[in-house]
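These notes are about the structure you will find just below.
Where a number appears in this text, it was derived from the coordinates with a stated rule and is not lab data. Model, not experiment: these values are computed from the prediction. Cβ sites come from the backbone with ideal geometry, for glycine too, and all protein chains shown count toward neighbours.
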Amino acid sequence: MATNKQLIRRLSKLRDSTTLVIGIGNILKGDDAAGPLVVEQLQSMAVSAELIDAGTVPENYIQTIIKKAPQNLIIIDVIDFEAPPGTIKVFDPEQLNSHVISTHVLSPRLFIDMVRRDISLDVYFVGIQPAQTQLGRPISPQVSQTVQKLAQVLAEAFPLRK
């Protein structure tokens, strides 16, 4: 994961702010499970960020996010940006346009725009390049390894305050 240091640098700037991490994906569709799996791992770690596993319906959590009013929103989802499987890329919302392929009905950009209509926050879309997203298939080794690393990076970026 070549972007590990870059990701740590970006996230370390958020350390003392309120941050919500939301994982999006379908656990029954191979690598599409990455977002929920990162959140699941973070739930067993001591982190200061709030966590939501939105599954395949992130739109159901728009009002929850608005009520929590975090300063930062980190969205984790698989997205096809034509890179080697397991590659991570952090997108700014403005980069999420029609040529970025999501596996969900509601586009990531529309989801972010709907949240931003009501609250002001910084959004970091952490995209993970899948190897495959077929129904009934297990997560690929490359994406599984990325899930582990990403959860560790986030746990280090958002340690539980003492």
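By how many nm would the segment from ASP113 to ASP16 lengthen if fully extended, with 0.36 nm per residue of separation less the alpha-carbon distance?
Extending this stretch completely gives an extra 32.5 nm.
With a point put 7 Å past each Cα toward its Cβ, work out how far PHE81 is from GLN63 in nm, to one decimal.
So the label points at PHE81 and GLN63 sit 3.3 nm apart.
In which sequence would LEU154, LEU7 go, from the one with the fewest C-beta neighbours within 10 Å to the one with the most?
Ordered from fewest to most neighbouring Cβ atoms within 10 Å, LEU154, LEU7 come out as LEU7, LEU154.
What is the list of residues in the stretch 118-162 whose amide nitrogen lies under 19 Å from a point 7 angstrom out from the Cα of SER44, following Cα to Cβ?
Within reach of a label on SER44, which here means backbone N under 19 Å from a point 7 Å along Cα→Cβ, the stretch 118-162 contributes 138-160.
Would you mind getting the Kirkwood hydrodynamic radius of the chain from its Cα pairs, rounded to one decimal in Å?
Across the chain, the inverse of the average 1/r is 15.5 Å.
Net charge around ASP113, counting only other residues with Cβ within less than 12 Å of its Cβ (Lys, Arg = +1; Asp, Glu = -1)?
Neighbour charge sum, excluding ASP113 itself: 0.
Whole-Hz Karplus ³J(HN,Hα) for the stretch 21-28, in order, using 6.51 cos²θ - 1.76 cosθ + 1.60 and θ = phi - 60°, x for Gly and Pro?
9, 10, x, 10, x, 10, 5, 8
In what sequence do THR18, THR87 fall when counting other Cβ within 10 Å, fewest first?
In order of increasing Cβ crowding within 10 Å: THR18, THR87.
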